[in-house]
Amino acid sequence: MAEANIPKKNLHALLIPYPFQGHVNPCVHLAIKLASQGITVTFVNTDYIHHQITSNPINGSSSGDIFAGFRSESGLDIRYATVSDGLPIGFDRSLNHDQYQASLLHVFSAHVEELVARLAGDGDGGVNVLIADTFFVWPSAIARKFGLVYVSFWTEAALVFSLYYHMDLLRLHGHFCSQGRRKDLIDYIPGVKAIEPKDTASYLQDTDTSSVVHQIIFKAFEDVKKADFVLCNTIYEFEDRTIQALNSKIPFYAIGPIIPFGIKNKTVTTSLWSEADCTQWLNTKPKGSVLYVSFGSYAHVTKHDLVEIAKGLLLSRVNFVWVVRPDIVSSEENNPLPDGFETEAENFGIVIPWCCQMTVLSHPSIGGFLTHCGWNSILESIWCEVPLICFPLLTDQVTNRKLVVDDWKIGMNLCEDRSLVAKEEVATNISRLMCGKSREEVKGAIGRVKMSLENALSPTGSSDQNLGLFIDGLMDKAHKSNGHV
Ligand code: UDP
């Protein structure tokens, strides 16, 4: 638990997550980690994210400050501010994903700058550090303008960071955005074990690079080269050679896993949607018998794939809890599941719109996780020792699948050919994960990987040490920049 009253370090960091669930979650817990070290943190949510979190009374947070309860309980100096992302709160960001991203690309920084001007000019105790998600394109400009130390926070695997960071090498070798055309291994990225082009992040494979997300990634990875420090939500032991190689270019610190451990004392609510509580239902199921199914917070699944997965679940007869977000196919498609699905599954499966994932994963009856391979989901599943069955959809999920299935062997593929999702294969692989002989192998492997995560967080562990080194470096840098720390 966080300690109060430890000496302050005269560091005041503004921490700005990318406004998506999978970024807000680790940023909230990074804020707690840093504040526990005596750093003052002002956490910045967009008005939209703030509205989503606080408008769900069932989440237990109706206050104007999502840290209010935590602050009074812990005594830690975490402040809270909100800014506009440039769009009206009621705008459908899921349906109009590109417009949302365009606003983050072009408009958001002006709102952030206004806030920084206010907080950095607060005299002694004002903001002197900017910690911003690596996907933002503007942190170096704002940090330079206000004399702040610039820390970039990468919420995904170091491997994915390294692939983006070395985009120029992919271009040089002809592997950049060459979907399907090149099959030969990529064996020239410093510190990265040879990797197949199909396992790189989807944005590095797409042949059309004109999308707004591509523009964001290209600019963001120029900007991060100007960062003073990079923090990464991984552990050194998972990706040692990749991290060593990155460290020769930029101070890069693996300080993970940053996940919500204290689920029992959940005092900071981060869910953007109301959480359904399925504990009672789970209590009725045998240990390790239930498959948890979720494709994260924003990726869409095609109707065809969704229907095949639904039919595969029915065929497998395995107990399941399935998070089907209302916009899972699109916010215009109200009921994407096959007619009668829930009635047919009534004795062994339930469908919910959202849940507290850590609460579900840590329930003893959960025995497997059918996942889209979001990085947070993977870390959370490892922490709860729940083996994975992988159905990556886009972005880093594609690369994360390789880590889970090929490298760490803590999970299996849902379908060997990702472009051919068929109910029979879905059912067979779900059964293999939940009850086959291969289950024992992945269960053993995930236990060992979990130990690495636990060790990294121990007082002499790599993540704890790296956090200490980062804070020493930050103090030094802030001292040199501001002269008053
Ligand atoms: N999550 C949750 N409830 C759900 C589904 C997801 O709390 O019903 C959380 C999950 O615990 C994780 C985050 O949402 O922390 C999703 O992040 P991830 O990186 O796995 O995927 P993304 O949503 O970014 O694709």
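Since every read-out is calculated from the coordinates, none of them should be taken as a lab result. Quick caveat: nothing in here was measured; it's all calculated off a predicted structure. Quick reminder, even Gly has a Cβ in these numbers, built from the backbone with ideal geometry, and neighbours come from all protein chains shown.
Dividing the mean sequence gap of close Cα pairs (under 8 Å, 6+ apart) by how many residues the chain holds gives a relative contact order of 15 percent.
Stretched out straight at 0.36 nm per residue, the stretch from residue 417 to residue 124 would grow longer than its current Cα-Cα span by 99.7 nm.
If only the Cβ of Lys and Arg carry +1 and only the Cβ of Asp and Glu carry -1, the dipole of the range 218-326 around its Cα centre is close to 300 debye.
In debye, nearest 20, what is the charge dipole magnitude of the range 346-485 about its Cα centre with +1 on Lys and Arg Cβ and -1 on Asp and Glu Cβ, if you could check? Dipole size: approximately 60 debye. Shown in residue order for the range 156-169 are the 3J(HN,Hα) couplings computed by the Karplus curve 6.51 cos²θ - 1.76 cosθ + 1.60 at θ = phi - 60°: 10, 6, 4, 4, 5, 4, 5, 5, 5, 4, 9, 3, 4, 5 Hz (x for Gly and Pro).
Computed extension length for residue 187-residue 479: 101.1 nm, one decimal, from 0.36 nm per residue of separation with the Cα-Cα distance subtracted. In the calculated pair-distance distribution of the range 379-485, the portion above 20 angstrom amounts to 55 percent of the Cα-Cα pairs.
Where does the range 82-162 land on Rg/Rh, using Cα atoms and the Kirkwood Rh? Dividing the radius of gyration by the Kirkwood radius yields 1.02. Dividing the radius of gyration of the alpha carbons in the range 292-358 by their Kirkwood radius gives 0.93 for Rg/Rh.
Positive contributions from Lys and Arg (+1) and negative ones from Asp and Glu (-1), summed over other residues with Cβ under 12 Å from the Cβ of residue 50, come out at -3.
The orientation-averaged projection of the convex hull spanning the C-alpha atoms of the range 362-414 amounts to 3.2 square nanometres. Our compactness index for the range 269-420, the C-alpha radius of gyration over the empirical 2.2 N^0.38 Å, is 0.97.
A dipole drawn for the chain from +1 and -1 charges on Cβ atoms has a positive end, and of 343, 358, 88 the residue lying farthest that way is 358.
Computed extension length for residue 249-residue 114: 45.4 nm, one decimal, from 0.36 nm per residue of separation with the Cα-Cα distance subtracted. Pairs of Cα atoms in the range 11-139 fall into 5 Å distance bins, from 0 up to the last occupied one, in shares of 2, 10, 20, 23, 22, 14, 7, 2, 0 percent.
When each of 475, 434 is scored by the number of other beta-carbon atoms lying within 10 Å, the sequence from fewest to most is 475, 434. Dipole orientation for the range 87-174: of the candidates 143, 174, 116, 174 has the Cα lying most toward the positive pole (charges on Cβ; Lys, Arg +1; Asp, Glu -1).
Determine the sum of side-chain charges near residue 71: Lys and Arg each +1, Asp and Glu each -1, restricted to other residues whose C-beta is under 9 angstrom from that of residue 71.
-2
Spin-label model, residue 445/residue 171: points 7 Å from Cα along the beta carbon direction are separated by 3.6 nm. A straight Cα-to-Cα reach below 21 Å connects residue 303 with the lysines 311, 423, residues fewer than 8 places away in its own chain not being considered. Distance between the pseudo-spin-label points of residue 317 and residue 89 (7 Å out from Cα toward the beta carbon): 5.0 nm.
The Rg/Rh ratio of the chain, with both radii computed over alpha carbons and Rh defined as the Kirkwood radius, is 0.95. Taking Lys and Arg as +1 and Asp and Glu as -1, the other residues whose beta-carbon sits under 11 Å from that of residue 367 total +3.
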